[in-house]
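See structure below.
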Amino acid sequence: MNSINETKGLFKTSTEINGISNFVMKDNEEKELYSPEEIRNKVILGNALNILNKIEEESFDMVFIDPPYFLQLPKKELKRWTVKTVVEGVNDEWDKFSSFQEYDEFISNLLIKVKRVMKSTATIWIIATYHSIFRIGKIMQDLGFWILNDVIWVKTNPMPNWLGVRFTNATENIIWAVKDKNCKKYTFNKDYAKLFGIGKVGANVWVLPICWGTERLKDTNGRKLHSTQKPVELLKRVILTSTKEGDLVLDPVAGSGTTGYVSQALKRNFVMIEVNPKYVEGIIERFKHPLKITDTPYPNKKSIKLEGFE
Ligand SMILES: C[S@@+](CC[C@H](N)C(=O)[O-])C[C@H]1O[C@@H](n2cnc3c(N)ncnc32)[C@H](O)[C@@H]1O
């Protein structure tokens, strides 16, 4: 688990970002409760497992979680057989757990705490690859969440399986759920769902690229800021299908802050929590250049016709 290792002067630029004063708050360990006003449209630096306990129950309209994947990559460098260059996987400290048990406990604790702060009409999205999505789905059902859908994200530019020993993994699943079976009045903007899903029916399959090119944020050394930065287009779809303007969206493991960034552009409010100061610094830089979103879906729907769905 990352620890908060504040460097001198860090966040001094964060006093006012993009019209939001005190944009970043460092979790105050002595604080017992954060008022909704205090945390609205803020990034909280600290451990979500502690911070969520200090947020009033039933606060949020929607939650998006992109948790550690627990990829369990080998310690040795993975090299491309042909050109011998090193494959940049997700080998970050935050993705390391000692066992499935430890990973399951983390996911389970996080979901229990998140459930408490969800309104009864709220929905939750949780994204993962085959490495963990099945564990997460089981944990969610055991905790009483009621799964509405899983959206399959088909990546148009996946990282190839360089060794050629199995299929190239080109999908992630996003489970979409409510707190329990009796939650009925959640937001579902079916017109957007139809627009984004493949075919005329708007099926639960979204086809879009992973984050690439100029969208990919860089750190001060010119390297990727975050190894799993999610594309704006993905969050746009999540937010437009499941929230209304003015809603409050939570991302308790915010990384490079895509959820809040897109929420702001779409006139939603947000609360983001991230434990790593480097990423929080990256979020500050990101918010200095506010996002503008047009309603044009990407990629062009005509290019993603799939047989059987028309
Ligand atoms: C998969 S990444 C999220 C990426 C993000 N969706 C984006 O678009 O950049 C997961 C993040 O969870 C953070 N994290 C892990 N444990 C945490 C905890 N207990 N509290 C807050 N953040 C945590 C990690 O530092 C990492 O940035």
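Just name the residue that is nearest to the ligand (Cβ to nearest atom) out of those in region 18-30 that are charged (D, E, K, R) and modelled with pLDDT of 95 or more.
Asp27
Of all the residues in region 89-105, those that are in contact (Cβ under 8 Å) with a residue 12 or more places away in the chain, assigned to a helix (DSSP H, G or I) and more than 9 Å from Phe70 (Cβ to Cβ) number 3. How do the pairs read when you match residues in region 253-267 that are assigned to a helix (DSSP H, G or I) with residues anywhere that are near the ligand (Cβ under 7 Å from one of its atoms) and among the hydrophobic types (A, V, I, L, M, F, W, C), using Cβ under 9 Å and keeping only pairs 6 or more apart or on different chains? Pairs that qualify, where the first residue is assigned to a helix (DSSP H, G or I) and the partner is near the ligand (Cβ under 7 Å from one of its atoms) and among the hydrophobic types (A, V, I, L, M, F, W, C), are Gly260/Ala254.
This table checks each residue for (1) closer than 16 Å to Pro67 by Cα; (2) within 13 Å of the ligand (Cβ to nearest atom); (3) surrounded by 18 or more Cβ atoms within 10 Å (Cβ to Cβ).
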{"residue": "Thr243", "(1), (2), (3)": "no, no, yes"}
{"residue": "Gly246", "(1), (2), (3)": "no, no, no"}
{"residue": "Ala254", "(1), (2), (3)": "yes, yes, yes"}
{"residue": "Thr258", "(1), (2), (3)": "yes, yes, yes"}
{"residue": "Ala265", "(1), (2), (3)": "no, no, no"}
{"residue": "Phe270", "(1), (2), (3)": "no, yes, yes"}
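Do we find that Lys179 is closer than 27 Å to Glu285 by Cα and either surrounded by 13 or more Cβ atoms within 10 Å (Cβ to Cβ) or in contact with a strand residue (DSSP E or B) (Cβ under 8 Å, 6 or more places away or on another chain) (or both) in this structure? Against the criterion (closer than 27 Å to Glu285 by Cα and either surrounded by 13 or more Cβ atoms within 10 Å (Cβ to Cβ) or in contact with a strand residue (DSSP E or B) (Cβ under 8 Å, 6 or more places away or on another chain) (or both)), Lys179 does not qualify.
Quick check, is Lys218 within 19 Å of Val280 (Cβ to Cβ), within 16 Å of the ligand (Cβ to nearest atom) and free of Cβ contacts under 8 Å to residues at least 12 places away in the same chain? Answer is yes for this residue. Criterion applied to Asn182, Asn169, Asn109 was being outside any strand (DSSP E or B) and under 30 Å from Pro277 (Cα atoms), and the one residue passing it is Asn109.
Within region 88-105, being within 11 Å of the ligand (Cβ to nearest atom) and more than 26 Å from Phe167 (Cβ to Cβ) holds for Glu93, Trp94. Note on region 195-248: residues that are of a type in the set (A, V, I, L, M) and more than 18 Å from Tyr261 (Cβ to Cβ) total 6. For Lys305, the conditions (1) surrounded by 23 or more Cβ atoms within 10 Å (Cβ to Cβ); (2) modelled with pLDDT under 95 are fulfilled apart from (1).
Taken over region 106-129, the residue count meeting the criterion of being within 15 Å of the ligand (Cβ to nearest atom) and either of a type in the set (A, V, I, L, M) or free of Cβ contacts under 8 Å to residues at least 60 places away in the same chain (or both) is 12. Residues considered: Thr243, Thr258, Thr228. Of these, the only one that is more than 15 Å from the chain's Cα centre (by Cα) and among the hydroxyl-bearing types (Ser, Thr, Tyr) is Thr243.
If you check Leu250, Leu235 for being touching a residue at least 12 places away in the same chain (Cβ under 8 Å), within 16 Å of the ligand (Cβ to nearest atom), in a strand (DSSP E or B) and in contact with a helix residue (DSSP H, G or I) (Cβ under 8 Å, 6 or more places away or on another chain), only one passes: Leu250.
Note on region 121-166: residues that are in contact with a strand residue (DSSP E or B) (Cβ under 7 Å, 6 or more places away or on another chain), aliphatic (A, V, I, L, M) and either in a strand (DSSP E or B) or over 18 Å from Phe70 (Cα atoms) (or both) amount to 10. Among the residues of region 202-216, the one identified as surrounded by fewer than 17 Cβ atoms within 10 Å (Cβ to Cβ) and among the hydrophobic types (A, V, I, L, M, F, W, C) is Trp212.
Residues considered: Arg237, Arg216. Of these, the only one that is closer than 23 Å to Leu71 by Cα, out of contact with any Pro (no Cβ under 8 Å at 6 or more places or on another chain) and of a type outside the set (A, V, I, L, M) is Arg216.
When region 194-217 is filtered for residues that are in contact with a helix residue (DSSP H, G or I) (Cβ under 9 Å, 6 or more places away or on another chain), outside any loop (DSSP other than H, G, I, E, B) and of a type outside the set (Asp, Glu), the ones remaining, listed by number, are Leu195, Phe196, Val205, Trp206, Val207, Leu208.
The values are calculated or read from the model by the stated rules, or taken from the named source; none is laboratory data. A quick note: this is a predicted structure, and the numbers were derived from the prediction, not measured. Counting neighbours? That spans all protein chains shown, and the Cβs are built from the backbone with ideal geometry, glycine included.
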